[in-house]
Amino acid sequence: MARTESQSHDKFAGRWFWRYASPAAFFPLAGKLEKLCWVIAAVLTAVGLYIGFFVAPTDAQQGEVYRVIFIHVPAAWMAMVIYLAMAFWSGTGLVLGTRLSFMMSHALAPTGAMMAVVALVTGSLWGRPTWGTYWVWDARLTSTLILFFLYVGYMALAASFDDKKKGDRASALIALVGAINVPIIYFSVKWWNTLHQGSSVRPGSSSMAATMLTAMMVMTFAFWAYAIAAALHRLRTQVIEREREASWLKEAIK
Amino acid sequence: MSLRSATSAVFRRELQLFARRKSDWANPLMFFLIVCSLFPFAVGSESEKLKLIGIGVIFVGALLAAMLSLPRLFDEDARDGSLELMLTSPEPLAALILARVAALSLALGVALAAVTPVFALFYALPYDVAGMLALNVLMAVPTLLLVGSIAAALLVSARGGAILTAVLVLPLTIPTLIFGASAALKVLYGESPAAELALQAAFMLLALALCPLAAAAALKISTD
């Protein structure tokens, strides 16, 4: 009898990973993970930029300017990965009704939008010396721009509801609609225009020196760590904002 | 009331409303006309230049005009209470939404496609290009309204709903825009537009299959 009662109190009791669906359980863990990720991000950024700027050789065709890829490519990848993560948490939230999932996807959105902007800005700064213009309507730049629009739409929708719960579910739905559309948009735009310089910066391709690839991979992991740390920080801020009346929170941030 | 009679009642009501309220069809058409006539003032009146931009301008104009009709899908019904009746109906909500969107697509799509060839003349486009453009507008309007119905359902009587609907929906219509305009361009260059038309139809069918379900879920969220 007592057992069924405790189960009805906490519908996710029983398995250890469900326990962390509760903000109260995840809040302290998120704090620890956040600190860890900040450290990893700082160390990997230092190492990655050092290899990228001082160890990797100068490119035969583009000179020093190619070094922007150590920022540009990880940012472009993260912009895409974060959108998928956001859609994943949105879907989880809609199916399981877990508040924390919605908060996670709200926490990811600004970082994803920022990654898209970083990719666009570094892309155009790279484009000026190599293509002779800041902007070309090539497939990858254009689809990153559209991805940025999708992030903006998600955030604007989430902010337009006074009722937080409604905003959570509405924006989660639009994140899923966007996730279904991302591949369609990507291939349409690719078909529309394929000016990009092809596969020369694809990892593993022979046109890249090993140290360049190392630097890029290290920077990618640094960006991952940064994105996780920033999202967890934002998540904790949201938990504090939304659960400000809860007694466990007063204990946790004492 | 069976599903069939319920959907056909919603369908007929939508068409009747559209026919009886002149502003519902006259305003989008006027908007379309004005947008299309603004561009020559900006880029100059040489027919070679106009021919190049005409297809894009007309297609974007038609999409924007259709966009403006999105709030009327659910907003007025929410005000006069008929949306509540739709929500409490025993018939599946997705089917009722599909009937509404189908009626609006038919009415608005035909209206916009009918004036498209006239506007094509403004831009010195040949007849066959004008015809292809009209066909693509006819196919693009349902896709846009289906995708847009999700946003319209989420933003029923929300503040700033119209502008936010545009922000949410327009990026999602880019594939339709790309292939619609490209089909007309192919005809202009004397090539076959079959691939583009097939893709246009594919987008429409995909939207037809998924969007009413998403819009029904959206309507339940926003009116919760």
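The values are calculated or read from the model by the stated rules, or taken from the named source; none is laboratory data. A quick note: this is a predicted structure, and the numbers were derived from the prediction, not measured. Virtual Cβ from ideal backbone geometry, glycine too; neighbours counted across all protein chains shown.
Residues of region A:44-65 that are without any contact (Cβ under 8 Å) to a residue 24 or more places away in the chain and either basic (K, R) or assigned to a helix (DSSP H, G or I) (or both): A:A46, A:Y50, A:F53, A:F54, A:E64.
Of the residues B:A113, B:A166, the single one that is within 17 Å of B:A201 (Cα to Cα) and among the small types (G, A, S) is B:A113.
Only one of A:L176, A:L235 is within 14 Å of chain B (Cβ to nearest Cβ), modelled with pLDDT of 90 or more and in a helix (DSSP H, G or I). Can you tell me which?
Working: A:L235 fails: within 14 Å of chain B (Cβ to nearest Cβ).
Residue meeting the stated conditions: A:L176.
From the list B:A99, B:A134, the one residue that fits, being in contact with a Ser or Thr (Cβ under 7 Å, 6 or more places away or on another chain) and without any contact (Cβ under 8 Å) to a residue 24 or more places away in the chain, is B:A134. Counting only residues that are facing chain A (nearest Cβ under 9 Å) and farther than 8 Å from B:I150 by Cα, region B:203-219 holds 4 of them. The set of residues in region A:150-172 being facing chain B (nearest Cβ under 7 Å) and either touching a Leu at 6+ places or on another chain (Cβ under 7 Å) or buried (at least 24 other Cβ atoms within 10 Å of the Cβ) (or both) consists of A:L150, A:G153, A:A156, A:L157, A:S160, A:R169, A:A170.
Taking the criterion of being among the polar types (S, T, N, Q) and in contact with a Leu (Cβ under 7 Å, 6 or more places away or on another chain), the only residue of region A:53-101 that qualifies is A:S90. Taken over region B:65-81, the residue count meeting the criterion of being surrounded by 15 or more Cβ atoms within 10 Å (Cβ to Cβ) and not in a helix (DSSP H, G or I) is 2. Looking at B:L199, B:L206, B:L185, just one residue is surrounded by fewer than 19 Cβ atoms within 10 Å (Cβ to Cβ), under 24 Å from B:A134 (Cβ atoms) and free of Cβ contacts under 8 Å to residues at least 60 places away in the same chain, and that residue is B:L206.
Kindly indicate whether B:T173 is more than 8 Å from chain A (Cβ to nearest Cβ) and either in contact with a strand residue (DSSP E or B) (Cβ under 9 Å, 6 or more places away or on another chain) or modelled with pLDDT under 90 (or both). Don't jump to the end; show me each part of the working.
Details: more than 8 Å from chain A (Cβ to nearest Cβ): yes; either in contact with a strand residue (DSSP E or B) (Cβ under 9 Å, 6 or more places away or on another chain) or modelled with pLDDT under 90 (or both): no.
Taking the combined requirement at face value, the residue does not satisfy it.
Let's see how each residue does on (1) of a type in the set (V, I, T); (2) assigned to a helix (DSSP H, G or I); (3) buried (at least 21 other Cβ atoms within 10 Å of the Cβ):
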{"residue": "B:L83", "(1), (2), (3)": "no, yes, no"}
{"residue": "B:P90", "(1), (2), (3)": "no, no, no"}
{"residue": "B:A94", "(1), (2), (3)": "no, yes, no"}
{"residue": "B:R100", "(1), (2), (3)": "no, yes, yes"}
{"residue": "B:L106", "(1), (2), (3)": "no, yes, no"}
{"residue": "B:P117", "(1), (2), (3)": "no, yes, no"}
{"residue": "B:D128", "(1), (2), (3)": "no, yes, no"}
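The condition of being more than 22 Å from A:R169 (Cα to Cα) and modelled with pLDDT under 85 does not hold for A:Y50.
Of all residues in region B:116-158, those being of a type in the set (G, A, S) and either under 17 Å from the mean Cα position of the chain (by Cα) or at the interface with chain A (Cβ under 9 Å from one of its Cβ atoms) (or both) number 8. Residues of region B:102-131 that are aromatic (F, W, Y) and either touching a strand residue (DSSP E or B) at 6+ places or on another chain (Cβ under 8 Å) or in contact (Cβ under 8 Å) with a residue 40 or more places away in the chain (or both): B:F119, B:F122, B:Y123.
Residues in region A:47-65 that are of a type in the set (A, V, I, L, M, F, W, C), farther than 13 Å from A:A209 by Cα and surrounded by fewer than 12 Cβ atoms within 10 Å (Cβ to Cβ): A:F54 alone.
Just to be sure before I move on: is A:W126 surrounded by 16 or more Cβ atoms within 10 Å (Cβ to Cβ) and either part of a loop (DSSP other than H, G, I, E, B) or in contact with a helix residue (DSSP H, G or I) (Cβ under 8 Å, 6 or more places away or on another chain) (or both) in the structure I sent? Quick ask: steps written out before the conclusion?
Values: surrounded by 16 or more Cβ atoms within 10 Å (Cβ to Cβ): yes; either part of a loop (DSSP other than H, G, I, E, B) or in contact with a helix residue (DSSP H, G or I) (Cβ under 8 Å, 6 or more places away or on another chain) (or both): yes.
For A:W126, the condition - surrounded by 16 or more Cβ atoms within 10 Å (Cβ to Cβ) and either part of a loop (DSSP other than H, G, I, E, B) or in contact with a helix residue (DSSP H, G or I) (Cβ under 8 Å, 6 or more places away or on another chain) (or both) - is met.
Please determine, by comparing only the residues of region B:159-170 that are assigned to a helix (DSSP H, G or I) and either within 14 Å of the chain's Cα centre (by Cα) or within 7 Å of chain A (Cβ to nearest Cβ) (or both), which one is nearest to A:K190 (Cα to Cα). The extreme case among them is B:L170. Sort out which residues of region A:129-140 are aliphatic (A, V, I, L, M) and either surrounded by 21 or more Cβ atoms within 10 Å (Cβ to Cβ) or at pLDDT 85 or above (or both), and write them in order of number. Answer for region A:129-140, where residues must be aliphatic (A, V, I, L, M) and either surrounded by 21 or more Cβ atoms within 10 Å (Cβ to Cβ) or at pLDDT 85 or above (or both): there is none.
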